[in-house]
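Read through the structure below, which is laid out as structure tokens, and then see the notes.
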Amino acid sequence: MKNQPILKEIASARSSLRKSEIKVADFVLSEPEQVMHMRIVDLAQEAQVSEPTIVRFCRAIGCNGFQEFKVRIAQETAVANNLGQFAIAEDDSIDDICTKIADTTIQRLYQVKSQLLPAQVAEAAQAMSSAMRVEFYGFGASGAVATDAQHKFFRLQVATAAYSDPHMQSMSAVTLGDRDVVVAISQSGRTLDLMHSIKLAQQHGAVVVSLAPQNTPVSNAADLPIHINIEEDTDQFTPMTSRIAHLMVIDMLAVAVTQRRGPDFANHLNAIKQSIRSLRSEGDH
């Protein structure tokens, strides 16, 4: 699929390719930065195949032709290169720090956007829109995302809560039913306490939406997974860009649920806006 990382697609498709196409796949996976500067004749020569084989290979991995293939390789390589620039050196200036963090965040949000499956967001939004209760579970930085999500969905006339304590999550899970939804948020997708909460909620009939990396225990356990694939070094810093990506997807879900409320729901949102206007100082809008 075109919104998946192309190098990952190639690796996954390798076993189903012809022998000559496997030669192309192996070369591309080993030298992606070199490939994006090649002509079709150059790649054919390096992989020791014919030019028609290159064309067949491109189509086999979902590209319309060689040019689209090169563009996708270039985009993915550019993202990977920029992500590697985040490492903060001891002698970095404040300007360096600001630039590195801003550039990395922008690139990773683009990465999430390019990989996100709208159908997953649509299914989750539909379930949340018709739910009696929507509860958000997360730990650490994901707990902050859960709290932000509660704030957004509270305004949408959804009975909602956010829990970042495993005991509270367990107590919440056993009170849910088949008309309720849990949104499980995890940067790693491997948090054991969150897995326990997911299992409890499902045992009591709730539908579980996940915001987590693909092919992780949290995503695999969820009824409606939304894949957010970001690798982040958390040895020195709390998850930063992954948290922002999760917040972005929460915004997508909130807007999608609002849309399902219909045009008359705008009056409710305007009433909320008017209710807090008196809390602001003069000149604020």
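The values are calculated or read from the model by the stated rules, or taken from the named source; none is laboratory data. If you're wondering where the values come from, they're calculated on a predicted model, not measured in any experiment. All Cβ positions, glycine included, derive from the backbone under ideal geometry; neighbour counts span all protein chains shown. Please note that ligands, DNA and RNA were not included when accessible areas were found on the heavy atoms of the full protein model with its side chains. Shrake-Rupley method; radii C 1.70, N 1.55, O 1.52, S 1.80 Å.
Got a number for residues in region 173-196 being surrounded by 24 or more Cβ atoms within 10 Å (Cβ to Cβ) and more than 20 Å from S129 (Cβ to Cβ)?
Here the count works out to 6.
Given the criterion at pLDDT 90 or above and buried (at least 19 other Cβ atoms within 10 Å of the Cβ), identify the matching residue among A254, A221.
Answer to the selection: A254.
Mind listing whichever residues of region 32-59 are under 27 Å from the mean Cα position of the chain (by Cα) and without any contact (Cβ under 8 Å) to a residue 12 or more places away in the chain?
The answer is C58, R59.
Every residue in region 190-207 that is of a type in the set (S, T, Y) and modelled with pLDDT under 95, please.
Residue satisfying the conditions is T191 alone.
Restricting the first residue to region 5-26 and requiring it to be farther than 13 Å from R59 by Cβ, which pairs with a second residue that is open to solvent by 40 Å² or more (accessible area, probe 1.4 Å) and part of a loop (DSSP other than H, G, I, E, B) meet a Cβ separation below 7 Å and a spacing of at least six or different chains?
K23/Q48
Please count how many residues of region 162-171 are within 25 Å of V257 (Cα to Cα) and open to solvent by 10 Å² or more (accessible area, probe 1.4 Å).
3
Go through region 161-200 residue by residue and tally those that are in a strand (DSSP E or B) and touching a Gly at 6+ places or on another chain (Cβ under 9 Å).
6
Identify the single condition in (1) assigned to a helix (DSSP H, G or I); (2) at pLDDT 95 or above; (3) closer than 14 Å to A124 by Cβ that S210 does not satisfy, given that it satisfies every other one.
(1)
Is there any pair linking a residue in region 128-156 that is over 14 Å from S172 (Cβ atoms) and part of a helix (DSSP H, G or I) to one that is β-branched (V, I, T) and open to solvent by 10 Å² or more (accessible area, probe 1.4 Å), with Cβ under 6 Å and at least six apart or on different chains, and which?
A141/T238; F153/T160; F154/T160
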